[in-house]
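Here's the structure, in structure tokens; my notes come after.
The values are calculated or read from the model by the stated rules, or taken from the named source; none is laboratory data. These numbers come from a predicted model, not from an experiment. Here the Cβ positions follow ideal geometry from the backbone for every residue, glycine too, while neighbour counts run over all protein chains shown.
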Amino acid sequence: MNILQQPAYEHMKDGEIADFVEFWFNFKPYQYQVEVLLACVAYKRVAILMPRQSGKSMCVALYALYRCLI
């Protein structure tokens, strides 16, 4: 099952945070980065298993800005 199809994401509009990031920061996240952002929105704690240089810090920073501004 894709992470976007899990019940925790049902209350969110598709790609709301991705649209926010793309509009305000002119940053087009990859699909795996969108999944990390959606997981951050949906869950209180998230464990991210990604290789180095894949944008983990960027995702967390964008999520923090999203939470502050929305």
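Tabulated data for the structure shown
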read-out: Tally of residues being in a helix (DSSP H, G or I), surrounded by 10 or more Cβ atoms within 10 Å (Cβ to Cβ) and not hydroxyl-bearing (Ser, Thr, Tyr) across the range 53-70; value: 9
read-out: The lone exception for Ala42 - which of (1) modelled with pLDDT of 90 or more; (2) surrounded by 14 or more Cβ atoms within 10 Å (Cβ to Cβ) it fails; value: (1)
read-out: Only listed residue being at pLDDT below 90 and surrounded by 11 or more Cβ atoms within 10 Å (Cβ to Cβ), chosen from Met1, Met50, Met12; value: Met12
